[in-house]
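Reviewing the structure listed below.
Nothing in this text is a laboratory measurement; each read-out follows from the coordinates by a stated rule. Since the structure is predicted, the reported quantities are computational estimates derived from the model, not experimental observations. Don't worry about glycine lacking a Cβ; one is built from the backbone with ideal geometry, like all the others, and counts go over all protein chains shown.
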Amino acid sequence: MSISSPSSPAIHVQVLVTFLLFSTIAASFTKGEEPPKPTPWPEQFHSLLVMNYSGEVQLIDLWYDWPNGRNFNIIQHQLGKLSYDLEWNNGTSFFYTLDSNRECSSAQLEVGILRPNWLDGATYVGQRQVDGFLCYVWEKAEFITYYEDVVTRRPVHWVFYTGRAAHVMTFEVGAALEDAKWQVPWYCFEKTTPVIRDDVGRTIMHRGLVDTGTSVFVV
Ligand SMILES: *[C@@H]1O[C@H](CO)[C@@H](O)[C@H](O)[C@H]1NC(C)=O
Ligand SMILES: *[C@@H]1O[C@H](CO)[C@@H](O)[C@H](O)[C@H]1NC(C)=O
C-alpha cells in the first residue's frame with residue numbers, strides 16, 4: 001500500500017502559503033504584542049462633529065445615551081437647515097425640524113442603537129496621522145474606518161465607505177442631555193408617514209453613527 005497521495009504537493013503548497021501569510025501578519029506587529037483594540041464607547045457622551053461629504057459640510061451635536069437606549073443627532077447644515085434625528089433602542093427613529101415647516105418623518109428598523117462595544121471585532125490596520133493626531137486605525141466590516149488618538153484613546157475621526165467623514169471636535173464623557181430635550185414634537189404623531197426605505201441595510205449599518213446624508217436622511 002502506497003503512503004503517497006496525489007494531493008500531497010497541493011497540501012504542501014497550502015501549508016507554505018499559510019505559513020507565509022502568518023509570518024507576514026506576525027511581522028507587522030512587534031514581537032509578542034497584541035494589536036491594539038478600539039476603546040469601547042462610554043455609555044453616555046456628548047460630541048461635536050464636523051461632517052464632510054464631498055465638500056458638503058455639517059455640524060453635528062451628538063448625544064449618545066446607552067443607559068436610556070437613545071441617540072440624538074442635531075444636524076446643522078452649513079448656512080442651512082437645522083434638523084433632528086432621534087433614535088430609540090426599540091428601532092423607532094424620528095427625523096424632524098423644529099421650525100414653522102414642521103417637517104417630520106419616522107422609520108422603524110429591526111435593530112436598536114449602536115452598542116458601546118460596536119467596534120469589537122474591527123481589524124487593526126496600523127497607525128496613521130489624521131487631523132494632527134497620531135491614531136490607531138481600524139476597519140470594521142468594510143463600511144467604516146475608525147481613528148482613535150494613541151495618547152488619549154479618544155475618537156478623532158471616522159470615514160464611511162461612502163466617503164462621508166466625521167471630525168471629532170469635542171468628546172465629553174458622561175455628558176447627558178436633559179430629558180425634556182428628547183421630546184419629539186406633537187406633529188410627528190399627527191401627520192407622520194413611516195418612511196419606506198430601500199436602503200435599510202445601509203441605515204442599520206450607520207445607525208447612531210451620524211451618517212445621516214441625504215440618501216439616508218429622508219424628510
Ligand atoms: C471636505 O472634503 C473635500 C474633499 O471631498 C475637501 O476638498 C474639503 O477641503 C473638505 N472640507 C472640510 C471643511 O474639511
Ligand atoms: C419606541 O420608544 C419611543 C420612546 O419611548 C416611543 O415613542 C415609540 O413609540 C416606541 N416604538 C415602538 C415601536 O414601540
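Residues of the range 115-138 being buried (at least 16 other Cβ atoms within 10 Å of the Cβ) and either over 17 Å from the mean Cα position of the chain (by Cα) or part of a strand (DSSP E or B) (or both), which ones?
Tyr124, Val130, Phe133, Cys135, Tyr136, Val137, Trp138
Can you tell me which residues in the range 139-166 are of a type in the set (A, V, I, L, M), part of a strand (DSSP E or B) and more than 12 Å from the chain's Cα centre (by Cα)?
Just the residues of the range 139-166 that are of a type in the set (A, V, I, L, M), to begin with: 141, 144, 150-151, 156, 159, 165-166.
Going one step further and asking which of them are part of a strand (DSSP E or B), we end up with 144, 156, 159, 165-166.
If the condition is that a residue be of a type in the set (A, V, I, L, M), part of a strand (DSSP E or B) and more than 12 Å from the chain's Cα centre (by Cα), then Val156 is the only one that fits.
When you check Ala107 against the structure, is it small (Gly, Ala, Ser), within 16 Å of ligand 1 (Cβ to nearest atom) and surrounded by 13 or more Cβ atoms within 10 Å (Cβ to Cβ), yes or no?
no
Considering only residues that are within 11 Å of ligand 1 (Cβ to nearest atom) and of a type in the set (S, T, N, Q), look in the range 46-60 and name the one that is surrounded by the fewest Cβ atoms within 10 Å (Cβ to Cβ).
Filtering the range 46-60 for residues that are within 11 Å of ligand 1 (Cβ to nearest atom) and of a type in the set (S, T, N, Q), the one surrounded by the fewest Cβ atoms within 10 Å (Cβ to Cβ) comes out as Ser54.
Any idea how many residues of the range 54-72 are under 16 Å from the mean Cα position of the chain (by Cα), of a type outside the set (S, T, N, Q) and closer than 12 Å to Trp182 by Cβ?
Of the residues in that region, 4 qualify.
Just to be sure before I move on: is Val159 out of contact with any His (no Cβ under 7 Å at 6 or more places or on another chain), more than 16 Å from ligand 2 (Cβ to nearest atom) and without any contact (Cβ under 8 Å) to a residue 60 or more places away in the chain in the structure I sent?
yes
Looking only at the range 84-95, decide whether some residue is within 16 Å of ligand 1 (Cβ to nearest atom), free of Cβ contacts under 8 Å to residues at least 40 places away in the same chain and at positive phi. Even if it seems obvious, please write down each step before you answer.
If we filter the range 84-95 for residues that are within 16 Å of ligand 1 (Cβ to nearest atom), which is where we start, we get none.
No, the range 84-95 contains no residue that is within 16 Å of ligand 1 (Cβ to nearest atom), free of Cβ contacts under 8 Å to residues at least 40 places away in the same chain and at positive phi.
Can you tell me how many residues in the range 73-99 are under 18 Å from Gln183 (Cβ atoms) and either assigned to a strand (DSSP E or B) or away from ligand 2 (no atom under 11 Å from the Cβ) (or both)?
18
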